[in-house]
């Protein structure tokens, strides 16, 4: 009975709430509720769109959403451009609830999501600020306005993994994207001197793509225009631009949560879908997580296990045995860690720096036109095959031949020695006992 009721809800929400939009604004006291199925249904999605802009398709729509994720139901406030999700209240923190999902604009001006037993899941905390209405603008910005149309809260101040046409992002702002079932995440960050994509993995932060303006000009903010991503200074003058490579008007840029790819997208009116006009990573081997840790991406974009002829590849802290730096030709990493970068190093000092750092498992030495650079790595990741070059040297730390690594702890060595001693004692004692027994028998016979 519960399963039948849940399936009925799925059909009801998919047909009744999808596309049933009202206006571009909500007044105080507005409330929308979705009922959550009693049983978990894989792939269940229900949406109640309550906001819609008036421009031609694809236009912006916003409303309440329920999605089945990881065995639970997530309640969120989402904004879509056509079918492209451009903002969500659950981007950084998911609100799991049961029975019901409620979106309300309270009389005191607070926009919030609640669940079972009025459990608080998300809020704008704008109570007492004279809020009069919630509005969805033609640029996709969700704003709370007072009676003088002054913005008191806006979704553009809380970016997710998407940047919209006309939107500006200041220095220090970043877009983030979270892969499924992974502790690492990607970020697109705006710095004074550059734009960069990063892989954030535990305590490590590696850049895998960068764009710098010419003549070392400082960036104040960036803006997505119709023909590309513009970099502007304090005077709002364009100092650089990443072009879209196509004539179609750009609508969004976004970080893919699987590959870490930053793409520029336009709406194709033939396919009725968003298509990529430009992507920052030209090869799968440039994707930081295309291959697993300690694997190499080959010229054929296949993953191959990194073979180490001697020693082991792992954590070198806490071991007393010596280590070697093994140079592997025709290999490099797409990752860079500025905190672990050494300028004007030699190949020998680069290898020695990794040897002296027990957290280092690999090093990359590059001999460029201007600087010789050395990068140290706490994990072997993002490695790809390249043509042999005297200007690039990649090192992997291994144990010296004949040494024992972390695979055998001190107590294990003691146990092995004691065990071998007991076995040897038993064997020698048995032989001695047999010889004494035999001599005694021969004496009795005589």
Q: Would you please put 176-184, 111-119, 155-163 in order of how densely packed they are, using the mean number of other Cβ atoms within 10 angstrom per residue and starting with the highest?
A: 155-163, 111-119, 176-184
Q. So for 392, 151, fewest C-beta neighbours within 10 Å to most, what's the order?
A. 151, 392
(Q) So if each residue of separation counts as 0.36 nm, and I subtract the Cα-Cα distance between residue 98 and residue 301, what length gain in nm does that give? (A) 68.7 nm
Q: Based on the mean of other Cβ atoms within 10 Å per residue, sort peptides 354-363, 322-331 so the most packed one is first.
A: 354-363, 322-331
Q: Using R₀ = 41 Å, calculate the FRET efficiency as 1/(1 + (r/R₀)^6) where r is the Cβ-Cβ separation of residue 367 and residue 284; round to 0.05.
A: 0.90
**Q.** Euclidean distance between Cα centres, region 258-296 to region 160-215, Å
**A.** 15
Q: For residue 338 and residue 139, compute 0.36 nm times the residue count separating them, minus their Cα-Cα distance, and round to one decimal in nm.
A: 68.1 nm
**Q.** Exposure proxy order (Cβ contacts within 10 Å, fewest to most) of 319, 255, 343
**A.** 343, 319, 255
Q | Förster radius 22 Å - calculated FRET efficiency between residue 389 and residue 193 (Cβ-Cβ, nearest 0.05) | A | 0.25
**Q.** Footprinting exposure proxy for 219, 41 (fewest neighbouring C-beta atoms within 10 Å first)
**A.** 41, 219
Q.
Cut-off 16 Å, label point 7 angstrom out along Cα-to-Cβ of residue 182: give me the residues of region 320-344 whose amide nitrogen falls inside.
A. 334-336
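Each reported figure results from applying straightforward, stated rules to the coordinates on display, with no laboratory input. As the structure is a computational prediction, the values presented were derived from the model and not from experiment. No Cβ is skipped: glycine too gets one built from the backbone with ideal geometry, and neighbour counts run over all protein chains shown.
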